[in-house]
1. I'm trying to understand the selection: among the residues of the range 143-161, which are assigned to a loop (DSSP other than H, G, I, E, B) and touching a Pro at 6+ places or on another chain (Cβ under 9 Å)?
2. For the subset of the range 151-180 comprising residues that are free of Cβ contacts under 8 Å to residues at least 40 places away in the same chain and surrounded by 19 or more Cβ atoms within 10 Å (Cβ to Cβ), which member is nearest to residue 220 (Cα to Cα)?
3. So which residues in the range 199-220 are in contact with a Phe, Trp or Tyr (Cβ under 7 Å, 6 or more places away or on another chain) and surrounded by 23 or more Cβ atoms within 10 Å (Cβ to Cβ)?
4. Mind counting the residues in the range 51-76 that are loosely packed, with under 12 Cβ neighbours inside 10 Å and among the small types (Gly, Ala, Ser)?
5. Select the helices (runs of 4 or more DSSP H) contained entirely in the range 224-321, then report the ones holding at least 3 residues which are out of contact with any Pro (no Cβ under 6 Å at 6 or more places or on another chain) and among the polar types (S, T, N, Q).
6. State whether the residues of the range 307-319 include one that is hydrophobic (A, V, I, L, M, F, W, C) and farther than 27 Å from residue 205 by Cβ.
7. Could you please give the count of residues in the range 322-351 that are part of a helix (DSSP H, G or I) and in contact with an Asp or Glu (Cβ under 6 Å, 6 or more places away or on another chain)?
8. Return a yes/no flag: does the range 308-316 have any residue that is more than 27 Å from residue 340 (Cα to Cα), of a type outside the set (Ser, Thr, Tyr) and without any contact (Cβ under 8 Å) to a residue 60 or more places away in the chain.
Amino acid sequence: MAKQKKSFFKKVIIAAFFILLIVGSVGGYLAYRSIYQSNVDLGDKKSQIIYIPTGSTFDDVLRILNQNNILKNRSTFEWLCEKKHYKNAVIPGKYRVLGKMSNNALVNLLRAGIQEPININFNGLHTVNDLLVRVGRRLEADSLSLLQASHDNAYLSKYGFNPDNVQAMFIPDTYQFFWNTSVDQFYDRMAKEYKIFWNDSRKKKAKEIGFSQTDVSILATIVQGEQCCDNEEKKIIAGLYINRLKVDMPLQSDPTVICAVGDYSIQRVSIEQTRIDSPYNTYKHKGLPPGPIGFAQQSSIDAVLDYNKNDYIYMCAKEDLSGKHYFAKTYEQHCIYAKKYRDALNAKNIH
């Protein structure tokens, strides 16, 4: 009888062991599926961008995922988020969710804040307002707040600028940002890039020619308005304008008139337009305007810092409309060149 009981208990123990083994295996398999098998279904799409705004809670994340029809099984995702302590560690931003992602990969992406970077460039822009509207469309920081900051004297003073000359702080390039960049973070980043650009060598050159960094940028935008591409000619134009400044002669730059008018499609500046009452009109006001008339390219700033020391006072675009210029030391020679250019514009009916 004792042997039968012993045999019975042994069978029970073995059966229990196998049951536990099966349960454990099934549980392990289910856990494995919940963690490592695909739980993202994007249909035919390879990826999907989602935006998690600043201040979002875990419930907000679930709502965003559901609105984009990303999760196949919400409960397994929630379970893993609990295990990996993501529920109270939501990081805002722009994320690229890949098709067939596992819960583990998705949670790791969101928990680590591995965002999809956003490129901001200055292509085709003329004014600070243009830039900030573009930034506001690409980043979480809204355009209105960005624009308000650009007109706030007290705010800009901490960067060493004011509403008139703040455009000098923005050095054209392509910059990467995270989508959840704030207004302060955006301006801080631009100020940092400005300081990096204005290294000791450039600061020394500016001091040697008697210009502030902002003045260099202002003149650089005028030079750039006259010559967009030829860096060697930029240096000649910079030297010419510096010659005019030295003799207290108005710069009389057409690009400054275009800026004052605010119409960047103008191909031929008229006599009437040169009479417009604006501090940016260098036909009416001597010296540099109060701020840049555009975004000074790095090559344009360097052209001013390394300007060509010449005796030119006058310049005129060539009649072939190539964008190149004639330079002259006398008004008489300048008039000869100017007539060629006017005749070329008239022949092409450019008004």
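1. If the condition is that a residue be assigned to a loop (DSSP other than H, G, I, E, B) and touching a Pro at 6+ places or on another chain (Cβ under 9 Å), then 151, 152 are the ones that fit.
2. Only one residue fits best here, namely 169.
3. Correct list: 219 only.
4. Qualifying residue count for the region: 2.
5. By residue number, 298-305.
6. For the range 307-319, residues hydrophobic (A, V, I, L, M, F, W, C) and farther than 27 Å from residue 205 by Cβ: present.
7. 3
8. Taking every residue of the range 308-316 in turn, none turns out to be more than 27 Å from residue 340 (Cα to Cα), of a type outside the set (Ser, Thr, Tyr) and without any contact (Cβ under 8 Å) to a residue 60 or more places away in the chain.
Here, each number is a calculation from the coordinates, and none is a lab measurement. Since we're looking at a predicted model, the values are computed, not measured. Positions of Cβ are generated from backbone atoms using ideal geometry, with glycine treated the same way; all protein chains shown enter the neighbour counts.
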